[in-house]
Amino acid sequence: MGGSLDNKTDPLSPPQQTKLELSAHQRDALQKVLSRRPLRPKLEILIVEDQDFSRKLLMGLLQREHVCFGARNAFEAIHYFAEHAPDIIFLDIELPDQDGHGLAGLFKKLDPQTYIVMVTGNSYKKDVEKARENQVHGFIAKPYSKQSIFNAIDVYSKSKLKRSSL
Amino acid sequence: MTAPVNLSNLREMTDGDKELEEALFQEFFSSTEALLDQLNEALNSNDPEAWRAAAHALKGTSYNLGAQKLGDYCKTAQEGHTGPHEEKAALLMSLRKEYQGVKEFLENELN
């Protein structure tokens, strides 16, 4: 299970700038899926990365053990977020239709439990600061390493275990 | 002479999955060729932001593949996006040349 939208069959292309909001339908969908999330047997992970190579590399690593969704832009990310309320989001900072930080802020506002790991090919101090302001849970620089990705998931799993034992 | 690509990190990520590896190589070829065209278009239309965005995208892809020198050229291109036309044109030539080396290396790996 998992997947990605195929632009060839998807009748909607992302707008030049995707608005940081959910439609009424998306808000309803999110509420429904949030109530079912504790019952999910596998982690659901959303990978938001516009470059096909990098997104497929990360999905290839993670979909052996988890349910994964790949989003190429903020428009698709918001769609998957509303439909699936992913446990973990690996979120690229630079997207074609939105700023990754803005998207992280939206996701945190709608679901404070969402565990977000920002991913970047740059190492700008301002990005780290903005990520902290958004209270994201991690920050990974490219190139990806199996260890850093698995560490992020491990930290999430441990924090989830701690929350459920309280 | 150093190989243009160090596949050790990629192979750790793919965990020896040859089919995934091949699919990723093919994806790299098509993505890079498209991004090199975008860089060329950005150069011809004097669009520094389009140049920066394409260089940034190719940089991430190159580093994730393990093509360090190609990634470094892209980093230089990204950081020099407001630089003179001649410099960017020369850099694009270097990028294309380096990509050819990377492509040949990966094609040998596939065979």
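Summary table below
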quantity: Close pairs from the range B:37-56: first open to solvent by less than 100 Å² (accessible area, probe 1.4 Å), partner assigned to a loop (DSSP other than H, G, I, E, B), Cβ under 6 Å, at least 6 apart; calculated: B:Pro48/B:His81; B:Pro48/B:Thr82; B:Trp51/B:His81; B:Arg52/B:His81
quantity: Test result for A:Leu62, within 14 Å of chain B (Cβ to nearest Cβ) and closer than 17 Å to B:Tyr63 by Cα; calculated: no
quantity: The range B:57-91: number of residues that are open to solvent by 40 Å² or more (accessible area, probe 1.4 Å), within 12 Å of chain A (Cβ to nearest Cβ) and either touching a residue at least 24 places away in the same chain (Cβ under 8 Å) or over 12 Å from the mean Cα position of the chain (by Cα) (or both); calculated: 2
quantity: Residue count, the range A:41-59 (criterion: assigned to a strand (DSSP E or B) and either facing another protein chain (nearest Cβ under 7 Å) or among the acidic types (Asp, Glu) (or both)); calculated: 1
quantity: Test for B:Leu95: is it in a helix (DSSP H, G or I), within 13 Å of chain A (Cβ to nearest Cβ) and surrounded by 15 or more Cβ atoms within 10 Å (Cβ to Cβ); calculated: no
quantity: Residue check for A:Leu91: in contact (Cβ under 8 Å) with a residue 12 or more places away in the chain, open to solvent by less than 60 Å² (accessible area, probe 1.4 Å) and not in a helix (DSSP H, G or I); calculated: yes
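The values are calculated or read from the model by the stated rules, or taken from the named source; none is laboratory data. Everything numeric in this text was worked out from a predicted model, so none of it was measured. Please note: Cβ atoms are built from the backbone with ideal geometry, for glycine as well, and neighbour counts cover all protein chains shown. What goes into the accessible areas is simple: the full protein's heavy atoms, side chains included, and nothing from ligands, DNA or RNA. Shrake-Rupley method; radii C 1.70, N 1.55, O 1.52, S 1.80 Å.
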